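Here is the structure we will look at.
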Amino acid sequence: MDISKWDKNFQTGIQLPGDVTFYDCRQRPFTGYGLYDFRGGGPFRRMPQEAADAVSPGVAELCRHTAGGRVRFQTDSQYLVLRALLADSAWMGHMAFLGSCGFAVYVEQNGVQTFYRSFIPAAIAGPGCRDRLEGMIQFPDRHLRDVTVYFPLYSGVEDMRLGLQAGSVLREGRRYRYETPVLYYGSSITQGGCASRPGNSYEGFISRRLDCDYVNLGFSGNGKGETAMAEYLAGLNASVFVMDYDHNAPDAAWLEQTHQRLYRIYRAKNPAVPIIMVSKPDFMSDPAGAARREVIRRTYAAARAQGDQNVYFLDGETLFQRGDITAADCTVDGSHPNDLGFFRMAELIGAAVRRCLEGTEGSI
């Protein structure tokens, strides 16, 4: 059934206004965040293709998914039109197309980035397809706004244009309070599966709450702590490093072989960056969850014993279940978080990130 036949609120087609002017979002004054070589050509990527190729075939493909990508600008246009060419969109029954393949618009209100509207993709034909997305949102009046557009979590974006009212102001958007990005490395959960819309990954919640930039290097099924990945991570400029790849290590033995090694490689090049080590949040669904958690705890304990006072451990078992909300309420499938799950993760991981950014003394 085509539900848009009966409910116009589900229609995705648009009638373009006659005074629209399109801009390439790679060009100034637009500012990109969370994407490698934002002003370069070709598909958007989260890391250099050659570096991704050196890690694994999965990372080589998934680095073209734009999880964590954002563009910011300031305008007084009374509408915003988006035209994008998507590629290699993920086909998943347990994640909304809006989260995997759509774009989300946030507008600053009283110093806080607040969700406004989404650019919703049409039903996608299947895995590996290329699809054009075109949408428009209206603002209630015409005044200067700081706008942030979040890119898809599980889709590649080959091209993106933004349309504004002819003659409207277009300026560089406000910078983040913390401009040096928080760096996240991990699994499908880190990438954003299964948030209902871009911006609802736990990193997105944290970014808006703390007004900090971030880089999302979550790779669905492929966050395995390889040496090549560790060396790439160690070469990035970051304010805080969140190690969140427990979920993708095939077993506790693999985690044992890679976790402390990744920490050592990263710490050797970044002696002053705070490191937050997180164990998997779907602890209840894995019989080996306790053994895996102990591997991460041992890496943390060894680092502290060697005098590293800037490393922290977060027990994944605590990320979902607090108060009268159970862990089962926080996932779509017993593993991947829903929006409530990501919000819960953001509360605890965000508190740790805040303490690191502010340099607050004490344990996390």
For this session: Evaluate the following for S168: is it modelled with pLDDT of 95 or more and more than 24 Å from I14 (Cα to Cα)?
Result: no
For this session: Would you please list the contacts, defined by Cβ atoms under 7 Å and residues six or more apart or on different chains, that run from a residue in the stretch 324-350 that is on the phi > 0 side of the Ramachandran plot to a residue that is at pLDDT below 95?
Result: G334/D282; G334/S285
Seminar exercise, completed: Across (1) of a type outside the set (G, A, S); (2) buried (at least 22 other Cβ atoms within 10 Å of the Cβ); (3) over 24 Å from E226 (Cβ atoms), M284 clears everything bar (2)
Exercise. Can you tell which of D308, D286 is under 15 Å from I189 (Cβ atoms) and assigned by TED's automatic domain parsing to the domain that holds N216?
Worked result: D286
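Just to check your reading of the model, which residue among R117, R39, R28 is outside any strand (DSSP E or B), under 20 Å from the mean Cα position of the chain (by Cα) and over 29 Å from G221 (Cβ atoms)?
R39
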For this session: Tell me, yes or no, whether the stretch 182-196 has at least one residue that is assigned to a loop (DSSP other than H, G, I, E, B), of a type in the set (S, T, N, Q) and closer than 17 Å to F151 by Cβ.
Result: yes
Exercise. Looking at the stretch 249-272, which of the residues that are aromatic (F, W, Y) and crowded, with 19+ Cβ neighbours inside 10 Å is farthest from A230 (Cα to Cα)?
Worked result: Y263
Problem set entry | Where V147 falls short, out of the listed (1) in a strand (DSSP E or B); (2) under 23 Å from W91 (Cα atoms) | (2)
For this session: Under 9 Å between Cβ atoms, at least 6 apart or on separate chains: pull out the pairs that start in the stretch 164-179 with a residue that is surrounded by 15 or more Cβ atoms within 10 Å (Cβ to Cβ) and end on any residue that is of a type in the set (K, R) and assigned to a loop (DSSP other than H, G, I, E, B).
Result: Q165/R142; S168/R142
Problem set entry | the stretch 215-237, subset of a type in the set (G, A, S) and either in a loop (DSSP other than H, G, I, E, B) or closer than 12 Å to G186 by Cα (or both), residue nearest to the chain's Cα centre (by Cα) | G218
Seminar exercise, completed: Across (1) under 18 Å from A84 (Cα atoms); (2) assigned to a loop (DSSP other than H, G, I, E, B), L162 clears everything bar (2)
Problem set entry | Hits in the stretch 173-231 - residues which are touching a strand residue (DSSP E or B) at 6+ places or on another chain (Cβ under 8 Å), over 25 Å from A54 (Cβ atoms) and hydrophobic (A, V, I, L, M, F, W, C) | C194, A195, I206, L210, C212
Problem set entry | Members of the stretch 280-332 that are in a strand (DSSP E or B) and among the hydrophobic types (A, V, I, L, M, F, W, C) | V311, F313, L314, I325
For this session: May I ask you to list pairs of residues, at least six apart or on different chains, whose Cβ atoms are under 7 Å apart, with the first in the stretch 291-302 being assigned by TED's automatic domain parsing to the domain that holds Y245 and the second being of a type in the set (V, I, T)?
Result: Y300/V311
Exercise. Do you know which residues across the stretch 328-364 are crowded, with 21+ Cβ neighbours inside 10 Å and more than 27 Å from A272 (Cβ to Cβ)?
Worked result: C330, T331, H336, P337, G341, F342, R344
For this session: Could you grab me the full set of residues in the stretch 130-148 that are under 24 Å from the mean Cα position of the chain (by Cα) and farther than 19 Å from I14 by Cα?
Result: R130, R145, D146, V147, T148
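The values are calculated or read from the model by the stated rules, or taken from the named source; none is laboratory data. Values in this document were obtained by computation on a predicted structure and should not be read as measured data. As a convention, Cβ positions derive from the backbone with ideal geometry for all residues, glycine included, and neighbour counts pool all protein chains shown.
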